[in-house]
Amino acid sequence: MTFVLLLLEFLTVCWLGASALAAARRLALGYRDTILFVFPLHFLLTGLPLVWDMIFGVPTYQRFPGFHLAATDPTARFAYCLTVSVPPLLWWAFRRPLRPASHRGAGSKRSEVMRWIANLSPAVRLTAILVLVLPVLLVLVSPDPSVYLRYTPWWRGWADVEATRQFHFWIARSVQFSFVAAALLLLHAKRLGRALLVVVPFVAAAAWIPGKRNAVAFAAAFLLYALWERGVLRGRRLVIVTAVAAIVFGFFSVIYQTQLRFPEEYTRSRTVEDWIENARVDFGRDDVIRLVIHSELDPGQPQILDYPGESYLVVLGAILRGERIEAPSYPNRLTSIAMRSPPGGSGGVTTSILDESIANFGWIGLLVAPLVVLVVCRLGDSCHDSVISALTLFVVVCMFTTHPPPWAIMALVWTALVCHAKLFGPTHTPAMVPPPPLARRTIRQRVLIPRHAHGVQARHWHLRSTRAPRRELVR
């Protein structure tokens, strides 16, 4: 049984890794469908932990006995491999490829929202600039701006200051919009170098303000996305820059955990095994997925939720009432089961849409989660809009990395923009029409890219032949 499990886990790693490499190759070639970003993320969160377990063994999870019980259960491990292998199958089967543009700016179809941006560029640029600097402005008018001179929330000591903590809720939400505004300004900048000099300092300030690693990760992701969308990052350059960014973020995360996040007394008491366990819980989603599967397979284990859809209904009710979540949230209840302790507070371990869907809907959630991700990606891509594409990428990444409350407002904005594009704006411009066939054609002639053919039918076509010199045909 052990050999069969190891073989199954090895095949799972190979399948997830091959899917991630295939998606990365298409991104490097310039393919623009958002679902391609999901494959590497899915491998990092669910496949890479299996590689760690096969090399170094399963962590002891001293603080989380529930995680250790699920990680050592053969049935849960078998079901986990099947659970994480199904999503890539669905994504490859139902993705809608957006082929790469033939040159920078070509083929980028614009929706009604993008026409609005182009027609009202001064006003929209001014709005984007105001949103970009909004986190800094809110910090200046906050009850105590001096707390933001320190980086992490613990060192700021605002847990006992209710006014500062409540005002920070709006500051944290403004940071998310600031990243989107930065990407928008970079996407439509006439001089990219000058725009980077202006935008990057405000992005760095917005990444500093929350005092958390996820803000740094999202800032880097939006900057890379803007450079990829502009055509600056392609091919090997995209792979190298992304790999370097991931390595730098890894080192930053280690420094954050060991030097910045906790007080010095607590840091000295932690062992290397404790830090490894903490990193596994932070960056992996295998532990929470296996725990949910273990709860579904064994009726004798504590059930995470009381009724189907409970975690989503709690979040929806809190949003509609405009209040904070008073009942124990899904991450908190999951953490209490993993630690074998009573639930309390609103925090907890990091979760993803995969485990939350299974916890809410049972085994049908195995299909619900990947299909929801696929539908979101396809809806965002079908609008052919750079703003909606950036928001789509943000929402999808959040689905895999955290519980809905921190990014619910951004999801509502994405929904409103998609509905506007679908109801009031065309989803594409007229396609380029090729020239009619010639009566007599030289052998091996082929039609190249028209000289100017974005959204209109070109009149000048360049024909190249291996036997004849280059000539121009005017229709």
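The values are calculated or read from the model by the stated rules, or taken from the named source; none is laboratory data. Just so it is clear, the model here is predicted, and its values are computed rather than measured. When we count neighbours, we look across all protein chains shown, and the Cβ atoms used for this are built from the backbone with ideal geometry, even at glycine. Remember, those area values only see protein heavy atoms, side chains included, never the ligands or the DNA or RNA. Shrake-Rupley method; radii C 1.70, N 1.55, O 1.52, S 1.80 Å.
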Subject >> Filter result (touching a residue at least 40 places away in the same chain (Cβ under 8 Å) and either in a loop (DSSP other than H, G, I, E, B) or open to solvent by 20 Å² or more (accessible area, probe 1.4 Å) (or both)) within segment 186-205 >> reply: 187, 188, 192, 202, 205
Subject >> Those residues of segment 57-88 which are at positive phi and free of Cβ contacts under 8 Å to residues at least 24 places away in the same chain, in sequence order >> reply: 57
**OP:** Scan segment 277-307 for residues that are within 12 Å of residue 61 (Cβ to Cβ) and without any contact (Cβ under 8 Å) to a residue 40 or more places away in the chain and jot them down.
**Re:** 278
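How many residues are touching a residue at least 12 places away in the same chain (Cβ under 8 Å), part of a loop (DSSP other than H, G, I, E, B) and in contact with a Leu (Cβ under 8 Å, 6 or more places away or on another chain) if we restrict to segment 216-233? Explain how you work it out, then say what you get.
Pass one, segment 216-233, residues touching a residue at least 12 places away in the same chain (Cβ under 8 Å): 216-232.
Then keep just the ones that are part of a loop (DSSP other than H, G, I, E, B); that gives 230-232.
Filter once more, so that each one left must be in contact with a Leu (Cβ under 8 Å, 6 or more places away or on another chain): 230, 232.
Residues meeting the conditions: 2.
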Subject >> Residue pairs meeting the criteria (Cβ under 6 Å; at least 6 apart or on separate chains; first touching a residue at least 12 places away in the same chain (Cβ under 8 Å) and farther than 23 Å from residue 87 by Cβ, in segment 373-390; second outside any helix (DSSP H, G or I) and open to solvent by less than 10 Å² (accessible area, probe 1.4 Å)) >> reply: 383/111; 384/111; 385/111
Original post:
Under the condition of being at pLDDT below 90 and part of a helix (DSSP H, G or I), which residue from segment 30-66 is most open to solvent (accessible area, probe 1.4 Å)?
Top reply: 56
Subject >> Single condition residue 126 does not satisfy, out of (1) surrounded by fewer than 15 Cβ atoms within 10 Å (Cβ to Cβ); (2) modelled with pLDDT under 80 >> reply: (2)
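Need at least 1 residues that are at pLDDT 80 or above and touching an Asp or Glu at 6+ places or on another chain (Cβ under 7 Å) per element, so show me which helices (runs of 4 or more DSSP H) inside segment 258-369 make the cut, counting only ones lying wholly within it.
On the way: elements: 264-269, 272-283, 286-297, 310-321, 330-339, 353-361.
Of the helices (runs of 4 or more DSSP H) lying wholly inside segment 258-369, those with at least 1 residues that are at pLDDT 80 or above and touching an Asp or Glu at 6+ places or on another chain (Cβ under 7 Å) span 272-283, 286-297, 310-321, 330-339, 353-361.
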**OP:** Could you tell me whether segment 16-29 includes any residue that is closer than 21 Å to residue 240 by Cβ, modelled with pLDDT under 90 and open to solvent by less than 20 Å² (accessible area, probe 1.4 Å)?
**Re:** yes
Original post:
Considering only segment 275-306, how many residues are of a type in the set (Asp, Glu) and open to solvent by less than 30 Å² (accessible area, probe 1.4 Å)?
Top reply: 3
Original post:
Any idea how many residues of segment 221-261 are among the hydrophobic types (A, V, I, L, M, F, W, C) and surrounded by 18 or more Cβ atoms within 10 Å (Cβ to Cβ)?
Top reply: 8
Original post:
Looking at segment 352-383, which of the residues that are in contact with a Lys or Arg (Cβ under 9 Å, 6 or more places away or on another chain) and open to solvent by 50 Å² or more (accessible area, probe 1.4 Å) is nearest to residue 415 (Cα to Cα)?
Top reply: 379
